[in-house]
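**Student:** Before I ask anything, here is the structure I am working with.
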Amino acid sequence: VEVSYVEIYLEQIKDLLHPANSNLRIRETSAGGIYIQGVTETYVTSNQEVLDIMEQGGNNRKVSSTDMNAESSRSHSVFILKLTQKHKIHGSTKESKLILVDLAGSEKVSKTGATGQTFTEAKAINKSLSALGNVIKALTTGKGHVPYRDSKLTRLLSDSLGGNSKTCLIITGSVASYNAEETLSTLRFGKRAKMIKNKPKVNEERSIDEYKALLEAAYKKIRDQENIIKALKEEGGYSSGSMRSEDLEAAMSAASSSETTAASDSNNDDSHGGEGRGGELKQAGKTRPPAPILEISDDDDDTEGGGGEKTGDQE
């Protein structure tokens, strides 16, 4: 388990666990997704260690006093907990991230009385929150380009917004009528965010041994299918090398015609006499499917052998 803690201040990413690391860059890979290049990552083994690191990073966060808040956050903070799981037998790995984001609230300069550097910070905060709103709007309407790159905040949270994650948003409002406008705007923001549809999936990377096992299983399946085809060909009495497909079709057609003629002759014989098998069934008042073609063929052979006597009787 690894943790990292950064803040986005004036559109620059600063490492809260190592304040000297500032203006960090956001990178992306096809396997690992979004990450921050050069950020300090610390291994933890208990809940208390996680809380201690959060407190350590929180003490390095930018705060300032305004007319509305004595300790107003002047940046967005992002705490990232990364969990990596490795299978001891197969060697495959799974990764997941828990991202906790504390967004600085939007400000009205007329209420906060911000001036100088505080005013510059307020503009940067409002700009990034506006970019976040535009991303949410684009995701919920499903139209046009999603402007993830308009802000460091939206770029860093692109997986959490319509990507490979499950997202939970907590909004805060004020019961005071003085802040009714801000509270209503915050509620509308939360309502739009609820309409976002994420697509979570398992971040799993197979080991070389697993890929070899999958390949061997595929080869085995191919061999089994080849053996089945070979057995069917041998059972049918022909092979692809000894008989062409055209010859096979002609033989099957001729066999079908012979069977039809034999069946017709047998039916004619049964319609004349009571000694035949068909006559016996009719006398007994029973019906039964025609005899197998092989038996019909044998009856025809017997008829040909004594054909003169039987024909005379019929005549």
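**Student:** Here is a list of conditions, (1) at pLDDT 85 or above; (2) over 30 Å from residue 133 (Cβ atoms); (3) loosely packed, with under 11 Cβ neighbours inside 10 Å, and residue 172 meets all of them except one; can you say which number that is?
**Tutor:** (2)
**Student:** OK, next. When you go through 83, 129, 100 one by one, which is the residue that is over 24 Å from residue 173 (Cα atoms), within 32 Å of the chain's Cα centre (by Cα) and either part of a helix (DSSP H, G or I) or modelled with pLDDT of 90 or more (or both)?
**Tutor:** 83
**Student:** Under the condition of being within 15 Å of residue 160 (Cα to Cα) and assigned to a helix (DSSP H, G or I), which residue from region 190-201 is most open to solvent (accessible area, probe 1.4 Å)?
**Tutor:** Of everything passing the filter in region 190-201, 192 is most open to solvent (accessible area, probe 1.4 Å).
**Student:** Now a separate question. Filter region 2-31 for residues that are farther than 18 Å from residue 59 by Cα and free of Cβ contacts under 8 Å to residues at least 12 places away in the same chain; which is least open to solvent (accessible area, probe 1.4 Å)?
**Tutor:** Looking at the filtered set, the residue picked out is 29.
**Student:** Restricting attention to region 158-171, does a residue exist that is out of contact with any Lys or Arg (no Cβ under 7 Å at 6 or more places or on another chain), in a helix (DSSP H, G or I) and under 27 Å from residue 108 (Cβ atoms)?
**Tutor:** no
**Student:** How about region 205-241: which of its residues are in contact with a His (Cβ under 9 Å, 6 or more places away or on another chain) and modelled with pLDDT of 80 or more?
**Tutor:** Listed by number, the list holds a single entry, 213.
**Student:** Ok, one more. Pick from 77, 64, 92, 96: which is buried (at least 19 other Cβ atoms within 10 Å of the Cβ) and in contact with a strand residue (DSSP E or B) (Cβ under 7 Å, 6 or more places away or on another chain)?
**Tutor:** Of the residues listed, the single one that is buried (at least 19 other Cβ atoms within 10 Å of the Cβ) and in contact with a strand residue (DSSP E or B) (Cβ under 7 Å, 6 or more places away or on another chain) is 77.
**Student:** Ok, one more. Name, by its number, the condition in (1) small (Gly, Ala, Ser); (2) modelled with pLDDT under 90; (3) in a loop (DSSP other than H, G, I, E, B) that does not hold for residue 110.
**Tutor:** Result: residue 110 passes all but (3).
**Student:** Search region 32-59 for residues being part of a strand (DSSP E or B) and open to solvent by 70 Å² or more (accessible area, probe 1.4 Å), and hand back the single one that is farthest from residue 155 (Cα to Cα).
**Tutor:** Looking at residues that are part of a strand (DSSP E or B) and open to solvent by 70 Å² or more (accessible area, probe 1.4 Å), I get 43.
**Student:** If you don't mind, another one. Among the candidates 161, 187, 153, 139, which residue alone is open to solvent by less than 50 Å² (accessible area, probe 1.4 Å), at pLDDT 90 or above and not acidic (Asp, Glu)?
**Tutor:** Selected residue: 153, the only one of 161, 187, 153, 139 that is open to solvent by less than 50 Å² (accessible area, probe 1.4 Å), at pLDDT 90 or above and not acidic (Asp, Glu).
**Student:** Quick check on my filter: what residues within region 175-184 are assigned to a helix (DSSP H, G or I) and either under 22 Å from residue 140 (Cβ atoms) or open to solvent by 60 Å² or more (accessible area, probe 1.4 Å) (or both)?
**Tutor:** Passing the criteria: 177, 178, 181, 182, 183, 184.
The values are calculated or read from the model by the stated rules, or taken from the named source; none is laboratory data. In this text the structure is predicted, and so the values were computed from the model without any measurement. Neighbour counts run over all protein chains shown; Cβ positions are idealised from the backbone, glycine included. Accessible surface is based on the protein model in full, side chains and every heavy atom, while ligands, DNA and RNA are left aside. Shrake-Rupley method; radii C 1.70, N 1.55, O 1.52, S 1.80 Å.
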